[in-house]
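Notes follow the structure.
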Amino acid sequence: QVQLVESGGGLVQPGGSLRLSCVASGSIFSIRNMGWYRQAPGEQRDLVAQITSIGSTNYADSVKGRFTISGDTAKNTVYLQMNSLKPEDTAVYYCTYTKDARIYWGQGTQVTVSS
């Protein structure tokens with residue numbers, strides 16, 4: 001079993017920054033295959049960033065150059081540093097872990113970008 005707990009969401013003004021954290025526990029062997037999705041009201045849930053099985057990173061085009069995913073293997077923690085935030089980044093952000101073709105989800109953390 002896998003448990004994922006996100007934190008770090010909140011209200012921020014356009015142009016501001018936030019750092020999300022996700023602590024994983026349970027049958028976690030690596031921070032690889034961990035990532036972040038987001039879902040805005042009325043929209044589908046989309047991939048934001050991920051650490052792949054080979055340790056590389058992928059980003060959605062809309063966040064490239066502004067968001068950075070990183071991790072601390074010793075702490076089983078993945079971070080999402082979000083800079084130059086825009087109102088369109090407003091969404092619930094979910095941490096994920098993929099194992100044996102199954103995606104585990106955290107409970108989500110709300111990010112609101114508004115003046």
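The values are calculated or read from the model by the stated rules, or taken from the named source; none is laboratory data. All figures in this text were calculated on a predicted structure; none of them were measured in a lab. Using ideal geometry, Cβ is built from the backbone for each residue, glycine included, and neighbour counts are taken over all protein chains shown. For accessibility, only protein heavy atoms count, side chains too; no ligands or nucleic acids. Shrake-Rupley method; radii C 1.70, N 1.55, O 1.52, S 1.80 Å.
Please give the charge dipole size of the chain, origin at the Cα centre, charges +1 on K and R Cβ atoms and -1 on D and E Cβ atoms. Round to the nearest 20 debye.
So the dipole magnitude of the chain works out to roughly 180 debye.
Ignoring any ligand, DNA or RNA, what whole percent of the accessible area of segment 1-85 comes from carbon and sulfur when the probe is 1.4 angstrom?
For segment 1-85, the apolar C and S fraction of the accessible surface comes to 46 percent.
Going through segment 35-115, which chymotrypsin sites (Phe, Trp or Tyr not before Pro) have at most 11 other Cβ atoms within 10 Å and a DSSP loop state?
none
Loop-only trypsin sites (Lys or Arg not before Pro) in segment 1-104, please: DSSP not H, G, I, E or B, and at most 12 other Cβ atoms within 10 Å.
Answer by residue number: 64.
Would you list which lysines come within 27 Å of residue 86, measuring only between C-alpha atoms, while excluding same-chain residues fewer than 8 positions from it?
64
I'd like the FRET efficiency for residue 103 and residue 70, computed as 1/(1 + (r/R0)^6) with the beta carbon distance as r and R0 of 30 Å, rounded to 0.05.
Efficiency at R0 = 30 Å is approximately 0.90.
Using the Karplus curve 6.51 cos²θ - 1.76 cosθ + 1.60 with θ = phi - 60°, work out ³J(HN,Hα) for each residue of segment 15-21 in order, rounded to whole Hz, and write x for Gly and Pro.
Taking θ as phi minus 60°, the curve returns x, x, 10, 9, 10, 8, 10 Hz for segment 15-21.
Whole angstrom only: what separates the Cα centroid of segment 74-115 from the Cα centroid of segment 9-61?
4
Using the Cβ atoms and a cut-off under 13 Å, what net charge is assigned to the surroundings of residue 26, where Lys and Arg are +1 and Asp and Glu are -1?
Within the 13 Å Cβ shell, the charges total +2.
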